[in-house]
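The next block holds one structure in the form of structure tokens; read it before the comments.
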Amino acid sequence: MLMNKKILICVTGGIAVYKAVALVSKLAQAGMDVKVVMTKSAMEFVTPLTFQAMSRNDVYFDTFDEKDSRVIAHIDLADCADRVIVAPATANVIGKVANGISDDMVTTILLATTAEIWFAPAMNVNMYNNKAVIRNISRLRTDGHRFIEPSEGFLACGYVGKGRLEEPEKIVEFVHAHFTPKNLPLAGKKVVITAGPTRERIDPVRYVSNFSSGKMGYAMAAAAANLGADTVLISGPVGISKPHGVKVIDVESAAEMYEAVNAEYDDAAIVIKSAAVADYRPAVIQPQKIKKSTDDAIIELARTTDILHSLGERKKQQILVGFAAETQNVLDHGKSKLVKKNLDYMIVNDVTDPEGGFGNETNVVTLLSKKGLHKPYPAMTKNELATILLQAIIEAEGFGDCNDC
Ligand code: PMT
């Protein structure tokens, strides 16, 4: 949703400037075209070079420094932005904009833009509660500007109270929610997705696991969120970035995944089990590191609970989707799991396929349904595939038309 959206971050001078660096980095990682404008005071805390590196764009701070002779910089920046965020927004910049003052690059742009402006204030609690600041905030709200409320907590000045710049992750979520169209086919539906491997501990330093990277499940979660779902991703230990707009619950073992999935199950519309859950765990977890000896070792394994099977047994409104990781008789085994686990859909993949399976960026799958759907897909990236698979399920279930998705 954020891909290529143009956002202008106006950074004004407060200690929370360091958090604006993380914000710019996260927005750029989400695919946004981020430009940064700074006040002179902001540059006392962090240099423009830092924001340049994070945004991969020129940083502006001087109204008279025209980098491109074909345009007037402050007007061009004001016109190009889909949204403007002032973060951190000091009492000073709030006061200036509320009173129509434009005496530097930031305030000139804020007066010139027709894009929606969001102020994310950060200041000492007594400043935040000062009558003049309250009056200025109220005036800006009346003028149609929006505020990302500061949070409460320990302030850099030593006070405890309201005045901390909202966490960058929260601001990104806010931006994401804002750009997510509301008429998407999964809007209002909860989709629970599992991803990655599980780790079954042998002792404090060893475990049994598998090669799942989590890429397929994370792609499913990102696609579900992009299609408007309230998405919950239950993730085994993986090394990839969390998708935006998704609630992520980290787990380690099959038992923890079972507990987390059960807690999210009752009100779920769709559950997609992309995780490669260990079928076996060491029967006993040794409390101390097992010492090596000259003899071979035997570890007794016990069965883990088949999470998907147990969900299938108590299925109500939920649409259950499994993934079958097979190495031979792929379709037969996939079909048999679809029936045995009482699923609605099974996505079958041959994990020996060089273009699919564990760790690869691409996958090759066939979508089967209990109603007889049998749809093979050619090799494509896991991201592309995730959207296509969800769209096929949405259309088959009559959740909406995906022509505009
Ligand atoms: O993570 P990547 O590197 O991107 O790789 C993607 C993938 C190959 C892991 C993925 O595409 C995939 O196939 N996931 C399912 C792996 C698997 O466990 O398959 P299975 O055939 O053993 O299990 C069938 C289904 O039962 C799965 O949905 C699985 O989540 C579920 N299951 C299995 C065992 C268990 N104890 N509980 C379960 O819920």
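Things to note:
- For region 99-231, the average shadow cast by the Cα convex hull is 13.9 nm², which is a quarter of the hull's surface.
- The C-alpha atoms of the chain define a longest principal axis, and helix 17-29 lies at about 50 degrees to it.
- With a cut-off of 14 Å between beta carbons, the residues surrounding F61 carry a summed charge of -4, where Lys and Arg count +1 and Asp and Glu -1.
- Relative contact order of the chain, defined on C-alpha pairs under 8 angstrom at six or more residues apart (%): 11 percent
- C-alpha long axis of helix 330-340 to longest principal axis of the chain, angle in °: 90 degrees
- Segment I298-S336, length gained on full extension (0.36 nm per residue, minus Cα span): 10.5 nm
- Cβ-based net charge around I234, under 10 Å, with every Lys or Arg adding one and every Asp or Glu removing one: -2
- Rounded FRET efficiency, nearest 0.05, which uses the C-beta distance separating E152 from S310 and R0 of 51 Å: 0.80
- Descending principal axes extents, region 315-405, alpha-carbon based, whole Å: 34, 33, 18
- Projected-area mean, the chain, by convex hull of Cα positions, square nanometres: 25.7 nm²
- Ranked packing of 66-74, 273-281, 163-171, 189-197, most packed first, by mean Cβ within 10 Å: 189-197, 273-281, 163-171, 66-74
- Cα gyration tensor shape of region 260-337, rounded if a/c is under 1.5, else prolate or oblate by comparing a/b with b/c: oblate
- Interchain or long-range residues, amide H under 5 Å from A324's placed H: I347, V348, N349
- Each peptide among 113-126, 365-378 gets the average number of other Cβ atoms lying within 10 Å of its residues, and from highest to lowest they stand as 113-126, 365-378.
- Averaged over residues, the count of other Cβ atoms within 10 Å places the peptides 260-268, 294-302, 210-218 in the sequence 210-218, 260-268, 294-302, highest first.
- A simple count of charges around R83, restricted to other residues whose Cβ falls under 10 Å of its Cβ and scoring Lys, Arg +1 and Asp, Glu -1, yields +1.
- Expected 222 nm ellipticity per residue - DSSP helices of 4 or more, -39500 (n - 2.57), all of the chain, to 500: -9500 deg cm²/dmol
- Length-normalised contact order of region 109-165 in % [C-alpha pairs under 8 Å, at least 6 apart]: 42 percent
- Surface accessible to a 1.4 Å probe, per residue, for the residues of region 302-405, Å²: 50 Å²
- The accessible surface of the chain, taken with every protein chain in place and a 1.4 Å probe, is 50 percent carbon and sulfur.
- Using alpha-carbon coordinates, inclination of helix 131-142 to the longest axis of the chain, degrees: 70 degrees
- Derived value for region 230-300: Kirkwood hydrodynamic radius 15.0 Å. Basis is the mean of 1/r over every pair of different alpha-carbon atoms.
- Mean-position separation - Cα centroids, region 98-136 and region 358-376, in angstrom: 52 Å
- The label point for I240 and the one for T47, both projected 7 Å from the Cα toward the Cβ, are 3.6 nm apart.
The values are calculated or read from the model by the stated rules, or taken from the named source; none is laboratory data. Model, not experiment: these values are computed from the prediction. Positions of Cβ are generated from backbone atoms using ideal geometry, with glycine treated the same way; all protein chains shown enter the neighbour counts. Accessible surface areas use protein heavy atoms only, side chains included; no ligands, DNA or RNA. Shrake-Rupley method; radii C 1.70, N 1.55, O 1.52, S 1.80 Å.
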